[in-house]
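Visitor: Structure incoming, see below.
Read the figures in this text as sums done on the coordinates, not as results from a lab. What you are looking at is a predicted structure, and each value in this text was computed from that prediction instead of being measured. FYI the Cβ positions are ideal-geometry reconstructions off the backbone, even for glycines, and counts take in every protein chain you see.
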Amino acid sequence: MPKIKLLSPQEAQKIAAGQVIERPANAIKELLENAIDAGASRISIYIEDGGKQRMRIVDNGHGMDKTDAKSCLQKHATSKIRSIDELVSITSYGFRGEALASIAAVAKVAILTKEKESSEGTKALAHEGIISTEPIACPEGTDITVTDLFYNVPARAKFLKKRETETRHIIQIIQAMSLTYPSHHLQLFVNNKLFINCPPQKDVISRCAQLWGQATAQHMIALETEQNQKGITISGAISNHNWFRYDRRTIFFLVNNRWVTNPQLGRALLKGYNNVLPLGRYPTACISIQIDPEQIDINTHPKKEEVMFAHPRTVEQLIYKAVRTALEKGVSKQIKRDISFAQPEYNTSPLPSAPFSDFDATLYPSDHIAAQQPVSEKQESASPFTYKSQVTLPYAHEPTVQQKNINLYTPIEQAKESYKLIGQFHKTYLLIEQEEGLYLIDQHAAHERILYELFATRFDQLPTIQLMFPQLIPCSQDDLAIIEPHLNIFRNHGIAVEPFGKYQLIIKATPVHLKNSSFDDLIKQVIGWIQEYSNVDQEQFIKTVHDKLRAQMACKAAVKAGDTLSLEQMQELLEDLHTCPNRFSCPHGRPTGFLFALHDIEKRFRRR
Ligand code: ADP
Ligand code: MG
C-alpha cells in the first residue's frame, strides 16, 4: 500500500514558510530589506502586540506596478536575480523571491503600492492563497500590512513569546538597520506610540546616540577605516574601555550592509577587549565589513543571519586589530590604569598558593572559625565596613532553624579559646592562627557571603533609608521597556525605583547597606539577566534573577580588598561568618578562606 501523498501547494508553502518566518521579527526584517532594496530613504514601522496581531511597514521606495503587486506575493517571484549565477555578485538583500510568499502563507497580507510615474496605485490582498488586486489612490512607495501572524498554523503560534520579547526582537532588527543606514530616516511605533525615531544622521556614532542615548554615544570611538590587501574594509564604532553592558545586545556586525550574527566575529571583537573588559562584560559595537561579494556566501542560512567567508581567519584578525588599535590609540594610558578592573570579586581562580607551588592547601573544612577576645580599645576606621553600627544582623547571633537542627556549627564561645586572630594581611586577608594551621580569610568574599545570607533570608525586613539626593540613572528607551515590568525585583529588596521621564530611572530609597552605592551597574546587570533568562519559566526566572541580584547587592555592600579593618571589625566579621550557612564560599563560588596546614608548613621547613 503506497503511503506517500503529495501535500497540497498551500500546506507545502506553510511548511516552507517556517524556514523564513519563525516570529514577527523575521517578517519585519524581510519587509525592511525589501524597502531598502526598493531604494527607500524613509521607513516607518508600526507594530501591535509584538507584531503578532499587526505589523505595517511604509516606505518611500520605487513602488510596484499592478502586475508586480500581484506577482510579488507568489513564491519564487523576484525582480532581483534571473539565475543563480548572479548570486556571486548580488548587492540586494533579497534574491530568493520567497519572503512575501512565505508571509502570505501564514498571515493575511495587504499591500498598497504606487510607482513614482504612475497616476494610480494598486491594492493587493492575499488570504489563504488567493490574491486579489484593485486600483487605489495612494502615495508613492509601498505600504504593507501583515495581520494575524500564524493564524492558520497554531503549532507555530504556540511558540511565539510574550509581547515584550517579540517587541525586543523587532527592536534589534530596527537598530541593526538604523546603524547600517545612518542617513535614512527610520521610525518604530509600538501600539501607535513613537518608540524609536531616527532621523538622518551623518555617522554611526550619532546614530548610537539616537538609539541608546548620549551616555552610550559619548563612550564610542570610531574605528579607523582601513582596507587590507584583499580589499576587505573594516569600519564603524566601538565603545571605549570605560563602557560596558552585561549583555551582547548592542553588538552588531554588518557584512556588506547585511546584519549577521556569526559567533566567530563576536569572539574576535571580544578578543580585542582582552584585559580591557573582564569576563561577562560586553562592549557596544557596530562593525561594518565591506568585502568582495565573491569572498562570501550569503545563501547558507535560511534567514540569511550568517554568512560564510572564504577566508574567515583574515576577517577575524582584521576585526581584532581594528578594535585593538582603536582602544589603544589615545587611551593607552588609561587602559593600563583600568586593568585594575580585575578586582578580586571577578577572579574565579583559586587563591594563589605561591610561593608554595606544590603546597597542598585545602579549603578549610573546619567548623571552628573564631576570633580572639575583643581588643580593649575601639578603633575607628574609614572603611565601609560599618554595618554593625547601622544595623544589627539578628541572625549573626541567633542561629537559624537550619543551623539549630543540623548542628554543624561549633558554638563561638567554645571556639574562641583555641583560635587567635593575628591581623590583616595585604589589606585583604584575615590571618587566623589555630591548632590545625594558619587560615587566610578573604575579607570581601566572607563579607559577601554574610550579606548575601542576610539579603536572602531577611529581604522583606531589610532596614532601608530614604536617599536625601535620589539617584538618577540614565537608561535608553528600550532598556527601560525591558526593565519596567520587572521593577518589583528591586522593590522586593528594599530598593525603591521607578521610571523618571522617558530616559531615566530614579532611586529614592535603598537598604542601609547600600546607601553609598551607585546603582548604575546593578540596573545594567539586571537588564542583562532579564534577557538572558527570558526563556526560562516564570518561577525559575524569579529565583535566578533574585539570587543574582542578592549576590550583586552583597558584592556592592561588602568590604573590599584594600579596606583597612580594625581588629574589632575583623572579629565581628569572623563571628558573623561563623554562624553563616554556606560559609565556605562567597555567592559567586570563590572560597572565603584557605587553610595552610601546620603539618605542611612544618614539612616545608623540614621540621618533619
Ligand atoms: P526578494 O526580495 O527575494 O526578491 P520578496 O518576496 O521579498 O523576494 O519580494 C518579491 C519582490 O517584490 C521583490 O523582488 C520586489 O520586486 C517586490 N517588492 C517587495 N517589497 C517591495 C517594496 N517594499 N517596494 C518595491 N518592491 C517590492
Ligand atoms: Mg525580499
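Visitor: Where does the chain land on Rg(C-alpha)/(2.2 N^0.38 Å)?
Guide: 1.20
Visitor: For helix 312-328, report the angle its Cα long axis makes with the longest principal axis of the Cα atoms of the chain; keep it between 0 and 90° and round to the nearest 10°.
Guide: 60
Visitor: Normalised by the empirical 2.2 N^0.38 Å for globular proteins, what value does the Cα Rg of the stretch 438-528 take?
Guide: Working: Rg = 14.8 Å, N = 91, 2.2 N^0.38 = 12.2 Å.
Output field value: 1.22.
Visitor: Let me ask something additional. Would you mind checking the tilt of helix 163-180 against the longest principal axis of the Cα atoms of the chain, expressed as 0 to 90 degrees and rounded to 10?
Guide: Once rounded, the angle reads 70 degrees.
Visitor: Multiply the residue gap between residue 533 and residue 435 by 0.36 nm, knock off their C-alpha separation, and tell me the result in nm, one decimal place. Walk me through the numbers before you get to the answer.
Guide: Values: separation 98, 0.36 × 98 = 35.28 nm, distance 4.63 nm.
Extra length from residue 533 to residue 435 when fully extended: 30.6 nm.
Visitor: All other residues with a Cβ under 15 Å from the Cβ of residue 123 taken together, and with Lys, Arg as +1 and Asp, Glu as -1, what is their net charge? Numbers along the way, then the final one.
Guide: Numbers: positive: 56, 66, 70, 108, 114; negative: 65, 68, 115, 120, 134, 140, 143.
Summing Lys and Arg as +1 and Asp and Glu as -1 gives -2.
Visitor: Give me a comma-separated list of calculated 3J(HN,Hα) values for the stretch 237-247, in order, Karplus coefficients 6.51, -1.76, 1.60 applied at θ = phi - 60°, integers in Hz, x for any Gly or Pro.
Guide: Per residue, the Karplus-derived 3J(HN,Hα) values read 8, 9, 7, 7, 5, 8, 10, 7, 10, 9, 9 Hz.
Visitor: Okay, moving on. Over the residues of the stretch 484-564, compute the C-alpha Rg and express it relative to 2.2 N^0.38 Å.
Guide: Details: Rg = 13.4 Å, N = 81, 2.2 N^0.38 = 11.7 Å.
Rg over 2.2 N^0.38 Å, computed on Cα atoms: 1.15.
Visitor: Under 5 Å between amide H atoms, partner at least 5 residues away or on a different chain: which partners does residue 252 have, H built in plane at 1.01 Å?
Guide: Counting only residues 5 or more places away or on other chains, the set is 285, 286, 287.
Visitor: Moving to a separate point now. Expressed as a whole percent, how much of the Cα-Cα distance distribution for the stretch 234-285 exceeds 12 Å? Walk me through the numbers on the way to the answer.
Guide: Values: 841 of 1326 pairs.
In whole percent, the long-distance tail amounts to 63.
Visitor: Hey, another quick one. Tell me, what ³J(HN,Hα) does each residue in the stretch 461-469 have, in order and in whole Hz, if you take phi through Karplus 6.51 cos²θ - 1.76 cosθ + 1.60 with θ = phi - 60° and put x for Gly and Pro?
Guide: Going residue by residue, I get 10, 4, x, 10, 9, 6, 6, 5, 10 Hz, with x marking Gly and Pro.
Visitor: Right, next: Using mean Cβ contacts within 10 Å as the protection proxy, how do 108-116, 301-309, 189-197 order, highest first?
Guide: Working: 108-116: 20.4, 301-309: 16.8, 189-197: 14.3.
Answer by packing, highest mean first, reads 108-116, 301-309, 189-197.
Visitor: Okay, next question. Taking amide H positions as placed 1.01 Å from N in the peptide plane, with prolines and chain starts having none, which residues 5 or more places from residue 500, or on another chain, fall under 5 Å of its amide H?
Guide: 505, 506
Visitor: Determine the distance separating the Cα centre of the stretch 140-183 from the Cα centre of the stretch 7-21; give it in Å without decimals.
Guide: Taking the Cα centre of the stretch 7-21 as reference, the centre of the stretch 140-183 is 19 Å away.
Visitor: Return one number: the angle in degrees, 0 to 90 and rounded to the nearest 10, between the long axis of the Cα atoms of helix 24-37 and the longest principal axis of the Cα atoms of the chain.
Guide: It works out to around 50 degrees.
Visitor: Give me the distance between the Cα centres of the stretch 25-74 and the stretch 570-608, rounded to whole Å.
Guide: 64
Visitor: Quick one: 3J(HN,Hα) in Hz for the stretch 536-541, Karplus 6.51/-1.76/1.60 with θ = phi - 60°, rounded, Gly and Pro as x.
Guide: 8, 5, 4, 5, 5, 4
Visitor: Let me ask something else about it. Would you please give the residues with an amide H less than 5 Å from that of residue 136, counting only those at least 5 places away or on a separate chain, with H modeled from the backbone geometry?
Guide: 121, 122, 123
Visitor: For 14, 3, 80, what's the fewest-to-most ordering of other Cβ within 10 Å of each Cβ?
Guide: On the way: 14 19, 3 4, 80 15.
In order of increasing Cβ crowding within 10 Å: 3, 80, 14.
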